[in-house]
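Here's the structure we're looking at; comments come further down.
Computed from the coordinates by the stated procedures, all read-outs in this text should not be read as laboratory data. All figures in this text were calculated on a predicted structure; none of them were measured in a lab. Positions of Cβ are generated from backbone atoms using ideal geometry, with glycine treated the same way; all protein chains shown enter the neighbour counts.
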Amino acid sequence: MRKGWIRTFPITTPQASFQQLKRVHAAAHLERLKRASPELGIVHLDPDTAMNRHTWQAALRAAGAGVLAVDLVMAGEVENAFCAVRPPGHHAERSSAMGFCFFNNIAVAAAHALVAHRLSRVAVVDFDVHHGNGTEDCFKGDSRVLMVSTFQHPFYPYSGTEHPAANMLNVPLGRGADGEEFRRVVSDLWLPRLREFKPEMLFISAGFDAHYEDEMGGLRLLEKDYAWVTEQMKQIADEFAHGRVVSMLEGGYSLSALARSVAAHLRVLAEL
């Protein structure tokens with residue numbers, strides 16, 4: 001998006017290639033998913049994660065949207081991008097699908113920036129109500145990547161608090177935490193770490209299920225909190241990354257709250 005306007009891409013996004021996916025996923029994982037894709041009916045990979053005959057293609061295009069967004073931003077065609085895709089991705093680990101996620105869309109995009117565009121440092125920001133265990137699994141110990149996150153804890157997937165790698169800043173929030181507590185974490189913990197890291201591009205795992213209307217979780221964020229955190233991340237991107245941001249939709253299950261929260265996020269990204 002350039003300042004003051006939103007450019008949309010209604011065309012079909014490209015599929016992520018196996019080469020792009022293998023930057024963060026094991027080849028065996030990709031082959032297992034492809035074999036599991038049913039011609040008819042539904043196949044459950046776990047109690048939460050199911051495939052029908054369209055899922056494989058949808059997942060490839062969701063990951064491909066992030067790759068396309070990186071290319072557009074790096075080419076200067078847009079300053080930043082938001083990918084309104086499903087299935088989401090941040091629970092997909094290097095070798096497993098879980099939590100509605102098949103490929104780790106944000107990790108695929110970030111790895112594409114590092115490898116194809118030769119960036120040295122990228123940051124992943126995750127404010128979904130659930131811990132982005134998959135993104136952590138893909139990038140733990142990778143000094144080129146800093147991940148900062150908040151999530152409700154204890155809560156699915158019950159991870160993120162036990163000895164995280166040095167490049168992971170995981171901040172658990174108790175049930176009922178509101179926007180004031182969230183903002184304090186961002187201001188006191190996220191922002192200093194991001195400024196110290198000086199990312200050349202920012203990636204946002206934009207889950208909006210921490211909204212107080214979303215019954216999936218128990219946090220109490222509002223649209224104004226999502227707008228505020230987007231402003232903070234946009235400022236970091238302006239300081240260190242030439243404004244380059246790629247944001248990808250993760251969770252959000254109360255449709256009205258999701259729509260309002262995404263709109264607030266987009267208005268800040270586009271400076272509307």
**Asked** Out of residues 5 or more away from Leu169 or on other chains, whose amide H comes under 5 Å of its own, with H placed 1.01 Å from N in the peptide plane?
**Response** Met147, Val148, Ser149
**Request:** Excluding residues on the same chain fewer than 8 positions from Lys198, give the lysines whose Cα lies under 22 Å from its Cα.
**Result:** Lys140, Lys234
**Request:** Compute the Rg/Rh shape ratio of the stretch 132-172: radius of gyration over Kirkwood radius, all on alpha-carbon atoms.
**Result:** 0.93
**Item:** Answer label, with log10 I(q)/I(0) by the Debye sum over Cα atoms at q = 0.10, 0.14, 0.15, 0.16 Å⁻¹ calculated from the coordinates and candidates [x] -0.54, -1.02, -1.14, -1.26; [y] -0.45, -0.92, -1.08, -1.25; [z] -0.60, -1.07, -1.19, -1.30
**Value:** [y]
**Asked** Out of Thr161, Thr230, Thr135, any idea which swings most in a Gaussian network model of the chain, alpha carbons joined below 10 Å?
**Response** Thr161
**Complete:** Loop-resident chymotrypsin sites (Phe, Trp or Tyr not before Pro) in the stretch 133-175 with no more than 14 other Cβ atoms inside 10 Å, DSSP not H/G/I/E/B, are Tyr158
**Fill in**
Residues Val70, Val185, Val148 in order from fewest to most other beta-carbon atoms within 10 Å are Val185, Val148, Val70
